[in-house]
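Undergrad: First, the structure itself, so that you have it in front of you.
Taken together, the values in this text are just the output of simple stated rules run on the coordinates, not laboratory data. Nothing here was measured: the structure is a model prediction, and the numbers come from that model. Here the Cβ positions follow ideal geometry from the backbone for every residue, glycine too, while neighbour counts run over all protein chains shown.
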Amino acid sequence: MPAKAYLKVIFLPIITLSLFFSGACSNISNSDSSKLLALLAGPNKPVPAPPADDTSYFQIMIDSRIAASKIGGDEKIHFQVQGKKLELTSPVLHGYAWLTGGKDGENKWTDWNNPVFHIVSSAEGSADGAIFMSTAPGAGGYDFTLDQLPTVTADGKQYHVLKIPFRDPDNPTTHSLMGSGRIYIGLGEKIWSQINGTTEIASGPDINNPSCGANTRFDFMECNCATPEVESKKVCYINTTNVDFFSIGLAIKGRTSEGAIRLFGLDLGKSTAPVASLIGDLKKLGGDYAGSLQEAPSGSFLRFRSPRSSFSVLSTALDTAIHSGFTKYRDTDLSFKDTDNVQFTARIDADYNINFTEPSVFTLAPKSAGTLPTTLEVVKAPGGENGIFKTGISGHADVAVAWINAFLNRGVFEDTSLWNYASMLDKKWYPSGTPHNDYSRIIHDHFYNNSAYGLPYDEPGGLKDNPTEPKISDCTATTLAITID
């Protein structure tokens, strides 16, 4: 999901280790004791606190829980940090940038204590969008491995730390070259990206292109270090997302500008094998989800694609819910309030146009006149070429599209009383017996506080004072835990 407006959040208290060893736990059996010890080791150990704040760099401490023997390939964890530069004096995003180490004593870009971003020009790509594998600014290109990063000590242990400059050291009038971008994590192979030379539009690895990462197990977190300073502290916006697929277990513990700690991502304490448990539940899905699993030529797991990435025009998983909901609101008002308490009211006519009378008069027209939205359109992005309604949507209409899309996916389109955060906590979204986005339901079930991005515009329906999203808008430092069990 793209970086949005800043949101002050308060996260639920994190259960401390004392819980396991006090009161009721004092008389546990040897068997129970073994299970508790297992939960405190491997993929289940608590995520360590973030490193100290640094006014020059946004620090990401990497808590890798993956043994080299489980990775394959070169048995290394690879990274690529890709962003879009944001000028402080202009809202315009421009120039793709990749992070490398700074220049060392031998004039090589390997000094990860002083990393820098490099603007990539179209000359390094090609007009047909060929694979981007530039050797500039050094033989290693823009891919680097975990072992190349410097280390920090936390809780008596050493961790590698990734540093992202808050500002461009060569131009102090701008914010960080990171801008709005992604941090890719890959296992066993170099992370490939591509760039279209004529337009300087870049993209990361492609899950549908074997020549550009499809056969590599990778995942990513999103990060925007071009955000304004908050309360005199330099901050980054960070989030996880599984809108397109699930591959690697990622959990983030970050510090906000107020000093609060938030934890989100895959719930590492949900089982002794949190990644395998999630994958197992996804594999049980049939029907339209049958083609969602992607495996390497060797047969090993790569990723499970979301409906947005795997469904086709023949998919029908949500057809019944779509038809039932659009029929209901012919005779009954579609009425809801958004997170700003703005009232939306509409009726659907015989041609499936959604005609709003509040908060203003506008119509959402189906992509094909007189035709119900399809399952594929509902699981895709709400607007644009593949969305539910015609393009050119903005303002109140844009808000309405996002909410309608979200609750069609959640299986509660016909009950607007459930279009709120409390209903998520009460597990009333994705109700049994009503067609819904099963992939998103399972993702939410396995994530901390049910907080996840499992579908496009997954955030509508939350209240502004609650942690409805897997993000921190004003993060000063963070720990990234990585596991595949």
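Undergrad: Evaluate the distance, in nm, between pseudo-label points positioned 7 Å from the Cα of Asn353 and of Lys157 along their respective Cα→Cβ axes.
TA: It is 6.1 nm.
Undergrad: Sort Leu285, Leu425, Leu334 so the one with the fewest other Cβ atoms within 10 Å of its own Cβ comes first.
TA: Leu425, Leu285, Leu334
Undergrad: Which pairs in the list Lys337/Lys427; Lys270/Lys380; Lys45/Lys84; Lys76/Lys270 are over 24 Å apart, alpha-carbon to alpha-carbon?
TA: The pairs that break the limit, which is 24 Å between Cα atoms, are Lys270/Lys380; Lys45/Lys84; Lys76/Lys270.
Undergrad: Subtracting the Cα-Cα distance from 0.36 nm times the residue separation, let me have the gained length for Thr332 to Ile119 in nm, one decimal. Present the calculation step by step, with values, prior to reporting the outcome.
TA: Values: separation 213, 0.36 × 213 = 76.68 nm, distance 5.41 nm.
Stretched fully, the Thr332-Ile119 segment lengthens by 71.3 nm.
Undergrad: Would you mind working out the magnitude of the charge dipole of region 239-345 relative to its Cα centre, with +1 at each Lys and Arg C-beta and -1 at each Asp and Glu C-beta, to the nearest 20 Debye?
TA: Computed charge dipole of region 239-345: roughly 340 debye.
Undergrad: On a full-extension model of 0.36 nm per residue, what is the gain between Ser360 and Lys390, subtracting their alpha-carbon distance, rounded to one decimal in nm? Don't jump to the answer; show the numbers that get you there.
TA: Working: separation 30, 0.36 × 30 = 10.80 nm, distance 1.83 nm.
Fully extending the segment from Ser360 to Lys390 adds 9.0 nm.
Undergrad: I'd like the FRET efficiency for Asn107 and Ser64, computed as 1/(1 + (r/R0)^6) with the beta carbon distance as r and R0 of 35 Å, rounded to 0.05.
TA: 0.70
Undergrad: Right, here's the next one. Against the 2.2 N^0.38 Å scaling, with N counting residues, where does region 253-302 land? I'd like the Cα-based Rg ratio to two decimal places.
TA: 1.67
Undergrad: Can I ask one more? Rank these for me by crowding, Asp331, Asp288, Asp206, Asp474, going from fewest to most other beta carbons within 10 Å.
TA: Asp331, Asp206, Asp288, Asp474
Undergrad: At 7 Å along Cα-to-Cβ for each site, give me the label-to-label distance between Asp206 and Asp54 in nm.
TA: Between Asp206 and Asp54, the simple spin-label model gives 3.5 nm.
Undergrad: Could you list the trypsin sites (Lys or Arg not before Pro) in region 261-339 that lie in coil according to DSSP, counting only those with at most 12 other Cβ atoms within 10 Å of their Cβ?
TA: Of the trypsin sites (Lys or Arg not before Pro), the ones in loops of region 261-339 whose Cβ has at most 12 other Cβ atoms within 10 Å are Lys284, Arg330.
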